[in-house]
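Note sheet for the following structure.
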Amino acid sequence: MAPHTFDNGLYPISTVSTMTGVNAVTLRAWERRYALIKPTRTESGHRLYTDADVEQIKAILQLLDNGISISRVTEALRQADQRDEINTPENDTWVNYQADMLKAVTLFDETTLDNIYSEAMSLYPVDVVTRQLLVPLLNTLGIRWEQESAGVAEEHFFSVFMRNKLGARFHHRNLQNTGPRIVAACLPGEQHEFGLLMFTLAAHARGYRIILLGANVPLEQLTEVVRRTRSDAIALSGSIEAVKSNLDNAISELVYFNKVPVFIGGSYAKQYRQNLEELGAHPIGDDLVVGMHAIARLLPSTTANS
């Protein structure tokens, strides 16, 4: 489907968000705080973007992926225009974000944690925040789970925090999103929801509607959930360490009895990719961005207007 444009060939902000994966709040922040994009306006004040604006946004995303902070993007773009070599300086932006969030978690300080999270989400696309901040923090908390006296409590605290943030997002976006519905759950035995929560965060940003079931869900119950919700896909998450039992029969039956794609992510899917493909499932590994692209090929979506 071609992207929606006005008669003059300009794109509204909702279409640009869909095309680039950058939500409208972040696009507005880039414009107001850093003058990175200068869309035209309709008489009623709505932003309209050109093809050049879209290419500029994609260039910004590439720089952010390379570790350049949003405050240095203007300089980096200028260097690129002058065909200069872009030197990525030692950038403490994400290191500082990670350290500050970890400190807030260890102090069980929800106010500070929320302020840091909200700032990052307002300035960076969800995929960048996930890859540069949330996943490293998740890995750190996973280590602390085993080694620290309050490691389990810290992980649970952050899990509840993320659940609350996602809950607010669900309430807001599920009323607006018009994309396919996905039933999202952890594989049997998987008690850690971080990977699943990161997936739902990315999926919401792309306009999918999520039925979130959480940890350790019996696979035999998902067929009824799909039927009742009229969902378009199932997304499962699990690690090799957590999923101890052989799930071949359960996954095979899940694929057989549901005429919708069954996506499986996490280290479990990475380890057993070939086997899962033979069972008819779609393994998407443990790279969130790559996984979302794989889902989009089978289950296209649109980002909600905002």
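Counting only helices (runs of 4 or more DSSP H) wholly contained in region 1-107, the ones carrying 2 or more residues that are within 30 Å of R144 (Cβ to Cβ) and at pLDDT 85 or above occupy 93-106.
Kindly indicate whether A203 is outside any loop (DSSP other than H, G, I, E, B) and surrounded by fewer than 19 Cβ atoms within 10 Å (Cβ to Cβ). Spell out how you get there, then give the answer.
Details: outside any loop (DSSP other than H, G, I, E, B): yes; surrounded by fewer than 19 Cβ atoms within 10 Å (Cβ to Cβ): no.
No.
Only one entry of E224, E193, E241 meets the criterion of being of a type in the set (D, E) and under 25 Å from A168 (Cα atoms), and that entry is E193.
Rundown of residues vs (1) closer than 19 Å to A294 by Cβ; (2) assigned by TED's automatic domain parsing to the domain that holds Q191; (3) of a type in the set (S, T, Y), yes/no style:
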position	(1), (2), (3)
R206	yes, yes, no
L213	no, yes, no
Q221	no, yes, no
R230	no, yes, no
A233	yes, yes, no
S237	yes, yes, yes
V243	no, yes, no
E253	no, yes, no
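Within the option set A202, A215, A269, being modelled with pLDDT under 95 and touching a Pro at 6+ places or on another chain (Cβ under 9 Å) holds for one residue only, A269.
Among the listed residues P188, P136, which satisfies the condition of being in a loop (DSSP other than H, G, I, E, B), under 28 Å from R297 (Cα atoms), touching a residue at least 12 places away in the same chain (Cβ under 8 Å) and not assigned by TED's automatic domain parsing to the domain that holds V22? Spell out the reasoning first.
Working: P136 fails: in a loop (DSSP other than H, G, I, E, B).
It is P188.
The listed residues are S118, S122, and the only one of them that is under 20 Å from the mean Cα position of the chain (by Cα), within 21 Å of E155 (Cα to Cα) and not assigned by TED's automatic domain parsing to the domain that holds R72 turns out to be S118. Out of region 136-152, which residues are under 26 Å from D92 (Cα atoms), surrounded by fewer than 17 Cβ atoms within 10 Å (Cβ to Cβ) and of a type in the set (A, V, I, L, M)? Matches in region 136-152: I143 only. Scanning region 134-153 for residues that are within 30 Å of T26 (Cα to Cα), more than 12 Å from the chain's Cα centre (by Cα) and at pLDDT 85 or above returns P136, L137, T140, L141. Scanning region 271-290 for residues that are surrounded by fewer than 17 Cβ atoms within 10 Å (Cβ to Cβ) and not in a loop (DSSP other than H, G, I, E, B) yields a count of 8.
The values are calculated or read from the model by the stated rules, or taken from the named source; none is laboratory data. Remember, predicted model here, so these are calculated numbers, not experimental data. Heads up, the Cβs are rebuilt from the backbone with ideal geometry, glycines too, and the neighbour counts pull from every protein chain shown.
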